[in-house]
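One structure is given below, encoded as structure tokens.
Laboratory data are not the source of any read-out in this text; all were calculated from the coordinates shown. As the structure is a prediction and not an experimental result, all values here were calculated from the model. Cβ placement follows ideal geometry from the backbone for every residue including glycine, while neighbour counts extend to all protein chains displayed.
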Amino acid sequence: MAGALGLGGLLPAAALAQTAPALPPPASVTLDALGLMQGFLPPPDKRVDLSNSGKYPQMRWTLQHLRELKPTQSIRRGNQPVSALTEATLPLGDMQFVSDKGQPITVNQWLDSTYTDALVVLHKGKVVFERYQNQMQPASPHLLFSVTKSFTGLMAAQLAHDGKLDPEALVTKYLPELASSAWGDMTVRQVMDMTGAVRFREVYTDPTSEVFGYSLASGLMERPPGYQGAANVYDFLKTLPKEGTHGEGFVYRTVHSEVLGWIVSRVTNRRWSDLMSEQLWQKMGMQEDAYVMVDSAGTPLQGAGLNATARDLARVGEMLRLGGRFNGQKIFDQAVVDDIRKGGDREKFKFGGIQAARPGYSYRNQWWALHNADGAYEAAGIHGQFIHVNPKAEMVVIKLSSHPMAAAAYTHALTLKAWAALADAVRDKP
């Protein structure tokens, strides 16, 4: 399952023309058209199991049903009243904008062409547009991939603000187990902003690439007979050596998020899933429980394993837009949100070649900052998962997708056009 439940999904723009395959017509791979897992029992050729759940198009079913395939922990919403999301519907589906190819496209066409499962747009906290397709429903949890990282980053940033975590301390202050690994002389800040140097390649065509070791250790891939490698994520992290100079530049590596989540749990003495429940899901009055995939030792995949509904993610985006407050409570301090909004070092961001796919961006506390005129920032995951926050337009957009290609670079230029068009449509005009 490494390709499907993969991690980075970001390629230099120069490589895209050579690697992008022909994509199936979106209408041909909807779950209704495919008929997957229908009937009692489903016919053998329509079943999704561990042998095919990471392949396309079966992956479209997997992203809404991960709990039926993999071990998970619940992120409980508790017994609190649900926080209301009022509606003020706008006819945005038929709104046209100019695509990255210079051609007119409607919002609905954009959603179809990018294999979208759910879109929720908030303006000033009200739902102005909402669309579900591919059997997705408002109560359906969806795998979020690397959006997970941003929740880990938020909790770490709050701990730093509270003085419970020192970003300038060495990782080994909290995790002495990593003394002989790449993190042995790395600071927590370098982990938070992914500027620490560690040998971790995500090349899905090369079985020697470290992403395969991560996938086997975490349970993302089925282990072959006689497997002798690490049996869980934390043991795998201990095996990764330093490669390069810490702090030199940004390179996107999922293993940093796993280390950061480990630090958060060590500092708080709490499981990541319990912290998410106590600090967010219960306080915010979420509508549905969320859940996170775990490895064989019960460790949540804190860089890729979160599953949640679009509306509950919209509540998270609105909380951030409001400076950390929601449902009458402080969820995060304003200073924590401001630190994310300002972004990271834009020169260091260019280091790993990702600038071509995300021009003008930076990375801070596991969040992407666009540095556009509206001060937008976002959480993002492969196959098209987003929490997009636009402070100036007072807009939040949640986009959950099951695109055939993991890499954001294949669709990101069009996504930027769509963000701008939606912001222009909802923002208050003079």
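For region 105-183, I need the span (max minus min coordinate) of the C-alpha atoms along each principal axis, in Å, sorted largest to smallest.
Ordered largest first, region 105-183 gives principal extents of 51, 30, 27 Å.
Give me the net charge of Leu50's neighbourhood, meaning all other residues with Cβ under 9 Å from the Cβ of Leu50; Lys, Arg count +1, Asp, Glu -1.
Neighbourhood net charge equals -1.
Take Ile105, Ile75 and order them by how many other Cβ atoms sit within 10 Å, fewest up front.
Ile105, Ile75
Can you give the extra length, in nm with one decimal, that the chain gains between Ser51 and Ala335 once fully stretched, where that is 0.36 nm per residue apart less the Cα-Cα distance?
Working: separation 284, 0.36 × 284 = 102.24 nm, distance 4.59 nm.
Between Ser51 and Ala335, full extension yields an extra 97.7 nm.
Would you mind getting me the FRET efficiency between Ala356 and Arg199? Use the beta-carbon distance for r and R0 = 25 Å, nearest 0.05.
Efficiency for this residue pair is about 0.65.
Greater than 27 Å separation of Cα atoms is the criterion. Which listed pairs, Lys149/Lys399; Lys46/Lys417; Lys55/Lys283; Lys149/Lys342, meet it?
From the list (Lys149/Lys399; Lys46/Lys417; Lys55/Lys283; Lys149/Lys342), the Cα-Cα distance tops 27 Å for Lys46/Lys417; Lys55/Lys283.
What relative contact order, as a whole-number percentage, does region 13-69 give when Cα pairs under 8 Å and 6 or more residues apart are counted?
24
Within a 10 angstrom radius of the beta carbon, how do Val198, Val255 rank from fewest other beta carbons to most?
Val198, Val255
Using the number of other C-beta atoms within 10 angstrom as an exposure proxy, rank His371, His383 with the fewest first.
Ascending number of Cβ neighbours within 10 Å: His371, His383.
Give the cross-link partners of Lys348 among the aspartates and glutamates, using a straight C-alpha distance below 14 Å as the criterion and excluding same-chain residues fewer than 8 apart.
Excluding near neighbours in sequence, the set is Asp193, Glu248.
Given that just one value was derived from the coordinates, which of (1) 146; (2) 251; (3) 125 is volume of the Cα convex hull per residue in Å³?
(1)
Can you give the FRET efficiency for Asp32 and Ser296, using 1/(1 + (r/R0)^6), R0 = 35 Å, r = Cβ-Cβ distance, to the nearest 0.05?
The calculated FRET efficiency here is 0.50.
Treating cross-link reach as a plain straight distance, find the aspartates and glutamates whose alpha-carbon is under 14 Å from the alpha-carbon of Lys70, omitting any fewer than eight places away in the same chain.
Asp49, Glu222, Asp295
Put a dot 7 Å past each Cα toward the Cβ at Glu222 and Ala169; how far apart are the dots in nm?
Output for this residue pair reads 4.3 nm.
Using 1/(1 + (r/R0)^6) with R0 = 51 angstrom and r between the beta carbons of Glu68 and Asp345, what's the FRET efficiency to the nearest 0.05? It would help to have the intermediate numbers written out before the result.
Values: r = 42 Å, r/R0 = 0.82.
After rounding to 0.05, the efficiency reads 0.75.
Could you work out how far the C-alpha centroid of region 140-184 sits from that of region 23-92, in angstrom?
Answer, in whole Å: 29.
When only C-alpha pairs under 8 Å and at least 6 residues apart count, what is the relative contact order of the chain, in percent?
Rounded, it is 25 percent for the chain.
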